[in-house]
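Trainee: Okay, here's the structure, questions in a sec.
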Amino acid sequence: MLDPAELVPQTIRPLKRSEYDRLVASGAFEGDRVELIRGTLVTMAPNDPDHANPIDLLNRMLVQAIGDRARVRIQQSVIAADESEPQPDVAIVPPRSYAKEHPSAALLVIEVASSSLTKDRRVKAPLYAASGFPEYWIVNVREQQVEVFRKPIAGAYTEASVHGRDATVSPEAFPDIRVPVAALFE
């Protein structure tokens, strides 16, 4: 593996989102779980049952509750800041067609974290905040809790709260929807 420190004073050229999109369209990453984060191609954690189950449960709950008010996308790309095209586990986006381009706005993005907790807190949270996504949840599988981040300002969320198994969380954009935290870990 290449150690970037060995290239100093040279720099590594970031991949542009348009270049990444062309590579994806050509099948260059077929079978690979990758996403573009700040111009860097990043591998994604394996999708084991501990990770997949909460995604399935969220999908069922949110699609039924939201109906036609928005679209629920599962592990699909969103356009984000700084030449990024992450694939959040769940994204609630405005209700329109995305046949020509991935959404660049999201009402809520959710990452399910078991082995990716550090990345989801330290890399994804600032990225989603910089992208102006008003709300971000981390479903923390190990601790069986949901971390809620809201009110992005200058690339950081200014409100954060943690909700344990006995709690219920609601998306700020859809306060009528109640997600029991314990139900995510059935």
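Trainee: From the phi angles alone, apply the Karplus equation (6.51, -1.76, 1.60; θ = phi - 60°) to region 93-105 and give each ³J(HN,Hα) in whole Hz, x where the residue is Gly or Pro.
Mentor: Ordered by residue, 3J(HN,Hα) equals 10, x, x, 7, 7, 10, 6, 9, 7, 5, x, 10, 10 Hz.
Trainee: OK, next. For ASP166 paired with GLU101, estimate the spin-label separation in nm (one decimal), with each label point 7 Å from Cα along the Cα-to-Cβ line.
Mentor: Distance between label points: 4.8 nm.
Trainee: Give me the number: length gained by fully extending ARG13 to ASP176, i.e. 0.36 nm times residue separation minus the C-alpha to C-alpha distance, one decimal in nm.
Mentor: 54.1 nm
Trainee: State the volume of the convex hull built on the alpha-carbon positions of region 45-185, expressed per residue in Å³ and rounded to an integer.
Mentor: Considering the Cα atoms of region 45-185, their hull volume per residue is 101 Å³.
Trainee: Determine which lysines satisfy two conditions relative to LYS100: a Cα distance under 28 Å, and not lying fewer than 8 residues away in the same chain.
Mentor: LYS16, LYS124
Trainee: Continuing with the same structure: Starting at the first residue of region 137-146, write each ³J(HN,Hα) from the Karplus equation 6.51 cos²θ - 1.76 cosθ + 1.60 with θ = phi - 60°, in whole Hz, x for Gly and Pro.
Mentor: 10, 10, 8, 8, 5, 4, 8, 6, 8, 10
Trainee: Would you please give the residues with an amide H less than 5 Å from that of VAL169, counting only those at least 5 places away or on a separate chain, with H modeled from the backbone geometry?
Mentor: Here the answer is VAL179, VAL181, since their amide H atoms fall under 5 Å of that of VAL169.
Trainee: Same structure, new question: Using θ = phi - 60° and the Karplus relation 6.51 cos²θ - 1.76 cosθ + 1.60, list the HN-Hα couplings for region 45-59 in order, rounded to whole Hz, with x at every Gly or Pro.
Mentor: 4, x, 9, 7, x, 4, 8, 6, 4, x, 5, 4, 5, 4, 4
Trainee: Looking at the square roots a ≥ b ≥ c of the eigenvalues of the Cα gyration tensor of region 22-98, which shape do they give, rounded for a/c under 1.5, prolate if a/b is larger than b/c, or oblate?
Mentor: oblate
Trainee: Can you compute the charge dipole magnitude of the chain about its Cα centre, using +1 on each Lys and Arg Cβ and -1 on each Asp and Glu Cβ, nothing else charged? Give it in debye, rounded to the nearest 20. Numbers along the way, then the final one.
Mentor: Values: 21 positive and 26 negative charges, 88 e Å.
For the chain, the charge dipole is close to 420 debye.
Trainee: How would SER77, SER97 line up from fewest to most surrounding beta-carbon atoms within 10 angstrom? Show your work: numbers first, answer last.
Mentor: Values: SER77 22, SER97 7.
The order, fewest Cβ neighbours first, is SER97, SER77.
Trainee: For ALA45 and ARG22 in the same chain, what is the full-extension length gain: residue separation times 0.36 nm, less their Cα-Cα distance, in nm?
Mentor: The ALA45-ARG22 span can extend by a further 6.0 nm.
Trainee: Sticking with this structure for a sec: So if R0 is 41 Å, what FRET efficiency would ALA5 and ASP68 give, r being the distance between their Cβ atoms, rounded to the nearest 0.05?
Mentor: Values: r = 51 Å, r/R0 = 1.25.
With R0 = 41 Å, the Cβ-Cβ based efficiency is 0.20.
Trainee: Per DSSP H run of n ≥ 4, the term is -39500 (n - 2.57); total these for the chain, divide by its residue number, and report the mean residue ellipticity at 222 nm rounded to 500 deg cm²/dmol.
Mentor: Details: 3 runs with 33 residues, N = 186.
Result for the chain, helices only: -5500 deg cm²/dmol.
Trainee: Determine the dipole magnitude for region 78-144: charges of +1 sit on the beta-carbon of Lys and Arg, -1 on that of Asp and Glu, nothing else is charged, the reference point is the Cα centre, and the result goes in debye to the nearest 20.
Mentor: 80 debye
Trainee: When a footprinting reagent is the concern and you count Cβ atoms within 10 Å, what order do TYR20, TYR98, TYR136, TYR128 take, fewest first?
Mentor: Listed from fewest to most nearby Cβ atoms, that is TYR98, TYR20, TYR136, TYR128.
Readers should treat all values here as calculations from the given coordinates under stated rules, not as data from a laboratory. For clarity, every value in this text was computed on a predicted model and none was experimentally measured. Using ideal geometry, Cβ is built from the backbone for each residue, glycine included, and neighbour counts are taken over all protein chains shown.
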